[in-house]
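The values are calculated or read from the model by the stated rules, or taken from the named source; none is laboratory data. Bear in mind the structure is a predicted one, so any value in this text is a computation, not a measurement. We place every Cβ from the backbone using ideal geometry, glycine too, and count neighbours over all the protein chains shown. Accessible surface is based on the protein model in full, side chains and every heavy atom, while ligands, DNA and RNA are left aside. Shrake-Rupley method; radii C 1.70, N 1.55, O 1.52, S 1.80 Å.
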Amino acid sequence: MLINILVDTLVTGLPLVPVVLGVFIVLQIRQDFDLTVEGSYAFGGGVAGILIVAGVNPVVAMIAAAAAGFAAGMATTALTLFLRLPVLLAGLVMNMALFSITLRVLGLPTLSLAGMQTIFSAVAPAPGRAADLATSAVLGGIVVLMLAAFAVFLKTEVGLALRASGVNERMVRSQGVSDRGMLILSLGMSNALSAFGGALTIQMQGYADVNMGSGVFVLGAGSVLLGMLFLNPGGSQVVRIVLAVLLGGLVYRLILVAALRFGLPAGDLKAVTALTLIIAVAAQGYLAPAVQRYTVRLRERRTPANSSARARIGASHG
Amino acid sequence: MADPMLELRDVRLVYHRGRVDEVQALRGIDLVVDKGEFVTVVGSNGAGKSSMVQIISGAAKPTTGKVVLERRDVTGWPDYKRAGFVARVFDDPRVGSAPELSIEDNLALALARGKRRTLGFALRGHRRALLRERVARLGLGLEDRMHDRVGLLSAGQRQSLTMIMAGLVAPDVLLLDEHLAALDPATAQRVLGLTAELVAEMDCATVMVTHNMDHALRMGNRLLVMSRGRIIHDVSDDAKSALTVSAVVDLITGVGDVVSDRSLLTELENAE
Ligand SMILES: Nc1ncnc2c1ncn2[C@@H]1O[C@H](COP(=O)(O)OP(=O)(O)O)[C@@H](O)[C@H]1O
Ligand SMILES: [Mg+2]
């Protein structure tokens with residue numbers, strides 16, 4: 001039972017980690033809400049799906065999906081920059097438009113990938129459990145590579161500017177960073193990642209669906225908030241970001257999978273998704289200070305030399 | 001020898017133009033500041049000091065008039081584009097640095113001020129060493145806390161860090177808008193000393209707004225008094241050295257403006 005839950009979590013959760021990362025970039029780093037990610041998730045799935053069915057190499061199909069998501073992000077950016085719509089509204093509009101576009105791309109509401117060459121084709125013939133484990137391994141490899149690349153990016157000059165841009169806009173402008181540039185970068189990357197996640201998902205589940213994006217933003221946001229909860233504010237910011245995305249995404253999935261396994265009807269899953277987000281937000285407010293105090297104490301024990309001052313400062317802030 | 005770094009030509013700034021709450025923040029500012037000049041600016045609340053600073057930094061665009069930096073007309077340039085010329089230290093210590101980032105990351109961000117940001121690592125070996133050395137000069141022990149979040153620092157430490165950040169890439173114009181206002185007197189004194197040191201090294205045009213008459217007199221080689229959107233007095237060198245705190249207060253109140261309690265308090269303190 002437990003093993004089943006864990007394997008299900010990996011197989012269905014890992015394809016969503018890119019989406020969580022995308023939501024993280026806009027929500028946590030830029031402190032903004034971009035609902036385009038729902039549309040670009042399905043759009044990415046649709047583009048990859050149609051290409052895979054046409055016999056295109058699945059890796060090429062995934063790259064095309066990411067490019068399609070990037071283009072969707074650029075459309076939202078254009079609405080924001082030229083029509084001065086707030087990102088929230090621009091994303092809502094683009095999300096609707098993308099539904100029709102995805103339906104056009106797919107031709108039908110759902111598209112089966114049965115018998116097609118996907119990134120899992122090599123491991124699929126294995127029997128039951130072994131196939132799931134092999135699928136998890138492939139997905140895990142991709143996700144780890146992606147997170148590592150993102151961590152490296154965050155340490156570059158551009159990545160550093162992005163990390164600062166959401167928190168303190170005046171400061172970042174005074175250092176010569178253009179908001180427009182950061183908006184383009186963040187919405188482009190986040191939607192490319194979301195579409196990439198869609199492309200992974202359809203190959204894992206064996207079909208693309210025009211409605212598959214619905215609820216993905218809340219799921220991503222819930223994962224991000226959950227992830228932030230696990231991590232104390234000390235240490236390297238880059239490591240914290242990457243771990244928050246990975247842990248948040250997987251734990252969120254674990255909750256949903258466990259709910260299903262314990263007999264919850266599939267129709268109630270959306271409610272669980274919403275409820276988990278609410279609990280994560282509540283926990284942020286009520287639990288975070290306590291967790292923070294605890295982690296400060298832990299660190300004190302580990303490095304007794306110079307951390308008592310830090311603990312004092314940390315406590316006064318917590 | 002006069003080498004103008006910064007020029008404002010008949011700059012006017014109107015907020016809420018055409019509305020009932022229209023404010024004429026600047027009513028025709030003409031100013032030339034040369035390289036190496038250090039200008040202090042005083043004036044009652046609402047005189048337009050911050051507005052003038054924002055016009056220079058590009059955070060506000062003049063309603064009419066021109067802004068010239070290093071003989072280049074930058075009137076239409078947004079603030080981030082001017083960042084290669086202009087370094088700013090804000091009145092609120094929280095604005096000058098990003099709390100979530102480490103000390104080192106904040107410094108690295110400032111190391112690329114006004115330059116094209118690349119996909120190279122922001123912190124490379126020799127940069128780390130340079131930043132550490134700069135921070136060590138503060139004498140606050142921050143060089144041993146390079147990985148700590150800036151949010152953990154005190155207001156004085158953050159403002160000191162912002163000063164160091166402003167000097168990492170030598171600016172042509174350094175803008176300080178009440179940058180000591182949020183600090184306790186002892187810390188303000190220390191950051192003031194740091195200001196003098198950095199300005200002496202940088203050889204730029206410096207504009208420092210302050211409500212502290214004593215600081216306005218002790219620092220720099222030129223004093224501007226502003227009132228209701230205009231520069232009403234412009235005193236340089238020897239004439240400035242000859243001024244006393246009460247004479248400056250007279251200059252401000254002479255036109256019917258009030259000097260804030262804060263300024264009078266510092267005057268009393270200094271009289272003691
Ligand atoms: N963003 C703004 N919107 C409207 N009015 C403003 C704004 N900023 C400043 N003002 C007004 O402009 C005038 C000059 O303000 P300011 O330059 O901040 O003065 P100072 O820094 O000398 O105290 C004041 O009357 C102020 O109320
Ligand atoms: Mg002011």
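B:L140 - would you say it is within 13 Å of chain A (Cβ to nearest Cβ), open to solvent by 10 Å² or more (accessible area, probe 1.4 Å) and touching a strand residue (DSSP E or B) at 6+ places or on another chain (Cβ under 9 Å)? Judged against the criteria, B:L140 is not a match.
If you check B:D92, B:D10, which single one turns out to be touching a residue at least 24 places away in the same chain (Cβ under 8 Å), under 25 Å from B:V259 (Cβ atoms) and acidic (D, E)?
Values: B:D10 fails: under 25 Å from B:V259 (Cβ atoms).
Answer to the check: B:D92.
The number of residues in the stretch B:52-62 being within 16 Å of ligand 2 (Cβ to nearest atom), at the interface with chain A (Cβ under 10 Å from one of its Cβ atoms) and surrounded by 21 or more Cβ atoms within 10 Å (Cβ to Cβ) comes to 1. Hydrophobic (A, V, I, L, M, F, W, C) and closer than 18 Å to A:L147 by Cα: does that describe A:A199? In short, yes. Any residue in the stretch B:42-51 that is modelled with pLDDT of 95 or more, within 14 Å of another protein chain (Cβ to nearest Cβ) and within 13 Å of ligand 2 (Cβ to nearest atom)? The answer is yes; a qualifying residue exists.
Go through A:V172, A:V177, A:V158, A:V167 for me and flag whichever is within 7 Å of chain B (Cβ to nearest Cβ) and open to solvent by less than 20 Å² (accessible area, probe 1.4 Å).
Details: A:V172 fails: within 7 Å of chain B (Cβ to nearest Cβ); A:V158 fails: open to solvent by less than 20 Å² (accessible area, probe 1.4 Å); A:V167 fails: open to solvent by less than 20 Å² (accessible area, probe 1.4 Å).
From the options A:V172, A:V177, A:V158, A:V167, the qualifying one is A:V177.
Among the residues of the stretch B:6-31, those that are away from ligand 2 (no atom under 16 Å from the Cβ), among the hydrophobic types (A, V, I, L, M, F, W, C) and assigned to a strand (DSSP E or B) comprise B:L6, B:L8, B:V11, B:V14, B:L31. Counting the residues of the stretch B:1-59 that are over 17 Å from B:V235 (Cβ atoms) and among the aromatic types (F, W, Y) gives 1.
Set side by side, the residues B:L198, B:L176, B:L183 differ, and just one is away from ligand 1 (no atom under 16 Å from the Cβ), more than 21 Å from B:S102 (Cβ to Cβ) and open to solvent by less than 20 Å² (accessible area, probe 1.4 Å), which is B:L198.
Taking the stretch B:55-76 as the range and being within 16 Å of ligand 1 (Cβ to nearest atom) and within 21 Å of A:G181 (Cα to Cα) as the test, the residues that pass are B:S57, B:G58, B:A59, B:A60, B:K61. Selection of helices (runs of 4 or more DSSP H) fully inside the stretch A:1-86 by the criterion of at least 2 residues being small (G, A, S) and touching a Gly at 6+ places or on another chain (Cβ under 9 Å) returns A:36-53, A:58-82.
Residues that are without any contact (Cβ under 8 Å) to a residue 12 or more places away in the chain and over 19 Å from A:V59 (Cβ atoms) were ranked within the stretch A:124-155; the one that is least open to solvent (accessible area, probe 1.4 Å) is A:A131.
For the structure I just gave you, tell me whether B:G65 is of a type outside the set (V, I, T) and in a loop (DSSP other than H, G, I, E, B). Considered against the rule, which asks whether it is of a type outside the set (V, I, T) and in a loop (DSSP other than H, G, I, E, B), B:G65 comes out as no. Looking at the stretch A:155-191 only, could you name the residues that are within 18 Å of B:W77 (Cβ to Cβ), of a type in the set (V, I, T) and in a helix (DSSP H, G or I)? If the condition is that a residue be within 18 Å of B:W77 (Cβ to Cβ), of a type in the set (V, I, T) and in a helix (DSSP H, G or I), then A:V172 is the only one that fits.
In the stretch B:240-261 there is at least one residue that is surrounded by fewer than 18 Cβ atoms within 10 Å (Cβ to Cβ), of a type in the set (G, A, S) and within 14 Å of ligand 1 (Cβ to nearest atom). Within the stretch B:46-75, residues that are over 20 Å from A:R173 (Cα atoms) reach partners that are more than 16 Å from ligand 2 (Cβ to nearest atom) and part of a loop (DSSP other than H, G, I, E, B) with beta carbons closer than 6 Å, at six or more positions or on different chains, in the pairs B:K66/B:T75; B:E70/B:D172.
The residues listed here are B:D34, B:D79; of these, the one that is more than 13 Å from ligand 2 (Cβ to nearest atom), open to solvent by less than 20 Å² (accessible area, probe 1.4 Å) and under 22 Å from B:V169 (Cα atoms) is B:D79. For residues that are crowded, with 18+ Cβ neighbours inside 10 Å and more than 7 Å from chain A (Cβ to nearest Cβ), scanning just the stretch B:103-122, find the one that is farthest from ligand 2 (Cβ to nearest atom). Looking at the filtered set, the residue picked out is B:E104.
Results for (1) under 18 Å from A:G188 (Cα atoms); (2) open to solvent by 10 Å² or more (accessible area, probe 1.4 Å); (3) over 20 Å from the mean Cα position of the chain (by Cα), shown as yes or no for each residue.
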{"residue": "A:N4", "(1), (2), (3)": "no, yes, yes"}
{"residue": "A:L10", "(1), (2), (3)": "no, yes, no"}
{"residue": "A:G13", "(1), (2), (3)": "no, no, no"}
{"residue": "A:L21", "(1), (2), (3)": "yes, no, no"}
{"residue": "A:V37", "(1), (2), (3)": "yes, no, no"}
{"residue": "A:L51", "(1), (2), (3)": "no, yes, yes"}
{"residue": "A:N57", "(1), (2), (3)": "no, yes, yes"}
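Just one of the numbered conditions (1) crowded, with 24+ Cβ neighbours inside 10 Å; (2) more than 19 Å from the chain's Cα centre (by Cα) is not true of A:Y41: (2). Mind listing just one residue for me: the one in the stretch A:180-206 that is within 13 Å of chain B (Cβ to nearest Cβ) and more than 23 Å from A:A221 (Cα to Cα) and, of those, least open to solvent (accessible area, probe 1.4 Å)? If we take residues in the stretch A:180-206 being within 13 Å of chain B (Cβ to nearest Cβ) and more than 23 Å from A:A221 (Cα to Cα), then A:G181 is least open to solvent (accessible area, probe 1.4 Å). Residues considered: B:M219, B:M146, B:M208. Of these, the only one that is of a type outside the set (D, E) and either farther than 24 Å from B:D3 by Cα or surrounded by fewer than 20 Cβ atoms within 10 Å (Cβ to Cβ) (or both) is B:M146. Considering B:G96, B:G65, B:G84, the condition of being open to solvent by 10 Å² or more (accessible area, probe 1.4 Å) and within 14 Å of chain A (Cβ to nearest Cβ) is satisfied by B:G84 alone. Of the set (1) touching a strand residue (DSSP E or B) at 6+ places or on another chain (Cβ under 9 Å); (2) crowded, with 24+ Cβ neighbours inside 10 Å; (3) of a type outside the set (A, V, I, L, M); (4) at pLDDT 95 or above, all apply to A:D209 but (2). Among the residues of the stretch B:77-89, none qualifies, meaning not one is within 16 Å of ligand 1 (Cβ to nearest atom), in a strand (DSSP E or B) and among the small types (G, A, S).
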